[in-house]
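The next block holds one structure in the form of structure tokens; read it before the comments.
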Amino acid sequence: MAFFNHLARRSFAQSAAMANAIKNVTVIGSGLMGSGIAQVAAQTGHNVTMVDIDPVAVEKAQKRIGASIARVAKKKFGEGDDAAKFMNESMSHLKTSTDAVASVESADLVVEAIVENLKVKKELFSKLDGAAPAHTIFASNTSSIPIAKIAEATSRLDRFGGLHFFNPVPVMKLLEVVRIPETSDGTYEAMKGWGKAMGKVTVECKDTPGFIVNRLLVPYMFEAVRLVERGEASPRDVDTAMKLGAGHPMGPFELMDYVGLDTGKFIIDGWHADYPDEEIFKPSPMLEKLVADGKLGVKSGEGFYSYKK
Ligand SMILES: CC(=O)CC(=O)SCCNC(=O)CCNC(=O)[C@H](O)C(C)(C)COP(=O)(O)OP(=O)(O)OC[C@H]1O[C@@H](n2cnc3c(N)ncnc32)[C@H](O)[C@@H]1OP(=O)(O)O
Ligand SMILES: NC(=O)C1=CN([C@@H]2O[C@H](COP(=O)(O)OP(=O)(O)OC[C@H]3O[C@@H](n4cnc5c(N)ncnc54)[C@H](O)[C@@H]3O)[C@@H](O)[C@H]2O)C=CC1
């Protein structure tokens with residue numbers, strides 16, 4: 001028994017060491033999720049480089065992070081010097097760039113949070129694979145794409161996994177840590193350890209559609225749209241019903257607007273393509289039209305609801 005305790009202690013120590021070895025974090029994508037992941041990594045003392053192809057997106061992200069860190073600081077320290085110190089210290093850990101290749105040169109971990117498109121994700125990781133150091137762990141924040149399909153663009157399958165955060169990242173405590181068969185134990189332990197260093201509660205996931213939360217949440221959200229498409233209730237009443245009847249903080253339509261209708265469409269289109277006979281993965285004409293009209297939810301000012309001031 002002592003031998004196995006020794007092994008357990010050693011593997012825990014190894015994973016803690018590997019997680020502690022994750023100091024330099026590069027986040028690719030500075031949208032809703034990338035900016036949140038970069039913010040929390042900076043708040044928890046990591047050296048963070050946040051990257052985007054779109055310089056305007058980087059600028060917007062810096063503003064979003066500044067406002068969000070102010071809310072976190074106020075919640076933690078109230079007003080005054082400690083809050084200001086927390087904000088300044090957090091922001092001092094954050095750099096931005098539009099050069100993804102240069103940004104991974106000394107990365108211990110790369111977290112990708114770009115558009116939910118397999119081709120674009122694979123192109124990015126293939127490019128980074130040749131630029132990042134051999135020890136660097138690659139992880140995707142994808143909502144729905146199989147990690148294995150993304151990882152096959154690289155030569156580091158043993159150092160590849162999924163780190164699936166939840167929106168808004170500074171608030172939602174959960175982190176889904178996904179492994180593919182080739183993910184080494186050391187990599188997996190390091191990813192879980194880093195999640196804890198980020199202040200998250202981690203759950204272990206296999207590389208299955210939607211991992212845990214989205215496999216349950218996305219079909220629920222699309223069933224809500226189908227209920228409205230059948231004329232059985234209004235979006236507002238469905239949201240009220242789920243908040244007051246099921247205790248959800250947001251109803252499904254508010255949540256889809258919050259997540260982004262484009263992201264919702266990317267997810268369901270991917271699953272429908274892979275599982276064409278699965279009823280609950282069927283796309284929604286109502287959502288298709290909104291996305292086609294550029295109504296992407298909060299991020300575009302209008303989705304199921306209007307957010308124009
Ligand atoms: C699609 C995927 O792949 C996976 C996903 O992410 S699925 C989506 C998962 N996310 C959810 O389900 C979110 C559900 N909604 C909620 O939890 C809440 O509505 C919410 C946290 C977003 C907002 O909470 P709320 O009570 O309605 O409003 P609000 O008062 O603004 O915020 C509550 C607290 O969170 C904090 N907060 C909210 N948004 C924040 C942000 N962006 N940054 C920092 N703090 C924030 C606020 O400081 C606030 O705390 P105080 O009131 O003490 O200051
Ligand atoms: N929106 C949500 O609630 C959640 C989304 N996710 C996942 O996170 C990822 C990002 O989603 P969002 O942040 O919502 O998207 P978003 O649209 O807000 O941000 C995506 C960002 O990626 C940038 N980008 C696109 N291609 C790029 C490239 N090749 N190199 C660098 N930057 C590039 C875009 O300019 C944009 O700023 C997606 O995979 C999504 O499925 C995961 C959890 C929750």
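Here are some notes:
- Matching residues, segment 194-214, being among the hydrophobic types (A, V, I, L, M, F, W, C) and in contact with an Asp or Glu (Cβ under 8 Å, 6 or more places away or on another chain): Val203, Cys205, Phe211, Ile212, Val213
- Selection from segment 128-149 of residues that are more than 14 Å from ligand 2 (Cβ to nearest atom) and either open to solvent by 30 Å² or more (accessible area, probe 1.4 Å) or polar (S, T, N, Q) (or both): Gly130, Pro133, Ala134, His135, Thr136, Ala148
- Checked against the criterion of being closer than 23 Å to Lys295 by Cβ and touching a helix residue (DSSP H, G or I) at 6+ places or on another chain (Cβ under 6 Å), segment 187-208 contains not a single residue that satisfies it.
- Some residue of segment 121-132 being closer than 18 Å to Gly270 by Cα and of a type outside the set (D, E, K, R): no
- All positions within segment 253-305 that are open to solvent by less than 30 Å² (accessible area, probe 1.4 Å), in contact with a helix residue (DSSP H, G or I) (Cβ under 8 Å, 6 or more places away or on another chain), not hydroxyl-bearing (Ser, Thr, Tyr) and not in a helix (DSSP H, G or I): Gly260, Gly297, Gly303
- Only one entry in Asp262, Asp293 is free of Cβ contacts under 8 Å to residues at least 24 places away in the same chain and in contact with an Asp or Glu (Cβ under 9 Å, 6 or more places away or on another chain), namely Asp293.
- When restricted to residues that are surrounded by 12 or more Cβ atoms within 10 Å (Cβ to Cβ) and away from ligand 2 (no atom under 16 Å from the Cβ), segment 60-90 contains 16.
- Matching residues, segment 150-202, being in a helix (DSSP H, G or I) and open to solvent by 40 Å² or more (accessible area, probe 1.4 Å): Leu157, Asp158, Arg159, Asp185, Glu189, Lys196, Ala197
- Conditions (1) open to solvent by less than 40 Å² (accessible area, probe 1.4 Å); (2) within 18 Å of the chain's Cα centre (by Cα); (3) in contact (Cβ under 8 Å) with a residue 60 or more places away in the chain; number of the one not met by Phe125: (3)
- The sole residue among Val58, Val101 that is over 19 Å from the mean Cα position of the chain (by Cα) and under 23 Å from Thr142 (Cα atoms) is Val101.
- Test: Phe211 is out of contact with any His (no Cβ under 9 Å at 6 or more places or on another chain) and either open to solvent by less than 50 Å² (accessible area, probe 1.4 Å) or within 18 Å of Phe266 (Cβ to Cβ) (or both): no
- So Glu116, is it near ligand 2 (Cβ under 10 Å from one of its atoms) and more than 28 Å from Leu255 (Cβ to Cβ): no
- Counting only residues that are within 12 Å of ligand 1 (Cβ to nearest atom) and either under 21 Å from Phe281 (Cβ atoms) or part of a loop (DSSP other than H, G, I, E, B) (or both), segment 211-241 holds 10 of them.
The values are calculated or read from the model by the stated rules, or taken from the named source; none is laboratory data. In this text, all values refer to a predicted model and were calculated from it rather than measured experimentally. Neighbour counts are summed over all protein chains in view; Cβ atoms, including those assigned to glycine, are modelled from backbone coordinates with ideal geometry. Accessible surface areas use protein heavy atoms only, side chains included; no ligands, DNA or RNA. Shrake-Rupley method; radii C 1.70, N 1.55, O 1.52, S 1.80 Å.
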